[in-house]
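**Student:** My structure is below; once you've seen it, I'll send some questions.
Derivation of every value follows stated rules applied to the coordinates shown; laboratory data play no part. This one's a predicted model, so the numbers in the text were calculated from it and none came from an experiment. Backbone-built Cβ (ideal geometry, glycine too); neighbour counts: all protein chains shown.
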Amino acid sequence: MSVAYTVERDFRAVSEFSADNRSPFPIDMLGDLASSQGNVRNFLEQVVLAPLNDEAQEEAGAAAAANALEALGEVYDVGGEELATGFRSVAGAEDAAGGARVLSQPIPGVERDQGAAAFFDVDNTLVQGASIFLFAMGLVERGFIKKRDLAGMIWKQLKFRISGAENAADVAKAREQALEFFAGHDVNEMVKLGEEIFEEKISDRVYQGTRDLAELHIQAGQEVWLVTATPVQLAQVIAKHIGLTGALGTVAEVKDGKFTGRLVGDILHGPGKKHAVAALAASSGLDMSRCTAYSDSANDIPMLSMVGTAVAINPDRKLRNYAQKMGWTIYDYRHFRSATFATMRWLSIGALLAGAVGGAGLVGKRLWDANKES
């Protein structure tokens with residue numbers, strides 16, 4: 001199958017995804033974006049969506065679809081293929097939600113502001129700590145995964161806590177490992193466990209200040225979305241319990257109701273978040289200049305830079321410096337701790353981690369205890 005045909009197929013899938021009036025056609029949007037694009041809509045309707053009766057027409061449709069994606073991508077400063085990947089993330093999130101676009105309905109009586117939305121990162125922005133790590137700890141306690149399997153995740157969390165900055169490669173590897181943990185497990189079973197573990201380990205770690213900010217957007221009639229590298233099913237559990245519109249997260253492949261351990265689309269980290277937000281904006285008719293984004297990490301600068309209002313919450317050093325340079329609002333909801341004491345504590349855990357992998361259970365417990373105290 002050609003790359004061009006894959007793009008064309010994805011564009012058709014996006015059109016079908018929006019065709020039940022949950023969100024406007026991307027095709028309709030193209031015609032309305034600017035007067036210079038006024039004829040694009042007719043062109044797409046005649047060429048892209050025409051019946052593909054033979055190979056030549058198929059190739060013409062694929063080329064037109066690719067051009068349409070490129071044109072739409074320019075509006076959000078992403079490439080056509082990146083936008084197509086974002087659409088797959090959005091569609092994957094809807095599939096994970098059982099076909100529902102939103103998890104929570106707007107407040108009755110509040111007029112909807114359909115052109116604006118807010119996007120929140122999860123880890124250390126909404127939730128203190130790494131949500132996937134907290135979930136994994138719950139799985140360890142239930143015997144679903146072994147303590148030693150957490151060693152790599154613990155090390156990456158330790159590096160973040162000491163350095164104050166995420167490493168994109170570490171995050172990607174950690175998410176891949178998480179997908180492997182879930183391989184072979186029933187999706188519905190994992191969602192049920194996610195509900196239980198949220199109540200046990202995550203709900204009391206939600207920053208009230210961040211939650212209040214989300215509530216302000218909801219009261220203003222705006223949609224509020226989580227955008228996170230966390231697996232989409234867990235992200236949706238968090239969004240549903242807090243009463244948010246929905247969640248975009250890393251989509252794991254599902255076959256016959258079970259996770260395969262493979263990834264669908266982007267890991268929603270760094271640029272991947274921007275691609276998914278662009279796709280959601282395109283399918284929902286959002287005006288990005290009226291949207292707001294929140295994050296703690298410099299890795300999310302691509303997403304923060306695409307909205308009209310960017311806010312740094314509990315920022316790492318790099319994001320704090322960048323936010324100050326750009327004049328962005330900064331909120332810090334973390335409890336004050338002595339930097340020296342915190343570093344000494346994490347270094348002591350690091351010494352334990354340097355031991356045999358068999359000691360990962362002790363490391364995990366101490367990291368867990370440290371997280372609970374902070």
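**Student:** With the convex hull built on the Cα atoms of region 71-144, state its orientation-averaged projected area in nm². Write out the running numbers ahead of the final one.
**Tutor:** Values: hull surface 33.0 nm².
In nm², the orientation-averaged hull projection of region 71-144 is 8.2.
**Student:** Continuing with this model, one more query. What ranking do 93-106, 308-321 get when scored by the average of other Cβ atoms within 10 Å per residue, highest first? Could you put the intermediate results ahead of the total?
**Tutor:** Details: 93-106: 16.4, 308-321: 19.6.
Going by the mean number of other Cβ atoms within 10 Å, highest first, we get 308-321, 93-106.
**Student:** I would also like to ask the following. Give me the Å³ per residue figure for the convex hull around the C-alpha atoms of region 117-331.
**Tutor:** Values: hull volume 23.8 nm³, N = 215.
Roughly 111 Å³ of hull volume per residue.
**Student:** Hey, another quick one. When you count, for each residue, the other Cβ atoms within 10 Å and take the mean per peptide, how do 244-252, 183-191 rank with the highest first? Spell out each step's value before the answer.
**Tutor:** Numbers: 244-252: 26.4, 183-191: 14.8.
Highest-to-lowest ranking by the protection proxy: 244-252, 183-191.
**Student:** Along the positive direction of the dipole of region 284-327 (beta-carbon charges: Lys, Arg +1; Asp, Glu -1; about the Cα centre), which of 297, 323, 307 reaches farthest?
**Tutor:** 323
**Student:** Next up: Quote the charge dipole size of region 117-331 about the Cα centre in Debye, to the nearest 20; the model charges only the Cβ of Lys and Arg (+1) and of Asp and Glu (-1). Intermediate values should be presented prior to the final figure.
**Tutor:** Working: 24 positive and 25 negative charges, 130 e Å.
Computed about the Cα centre, the dipole is about 620 debye.
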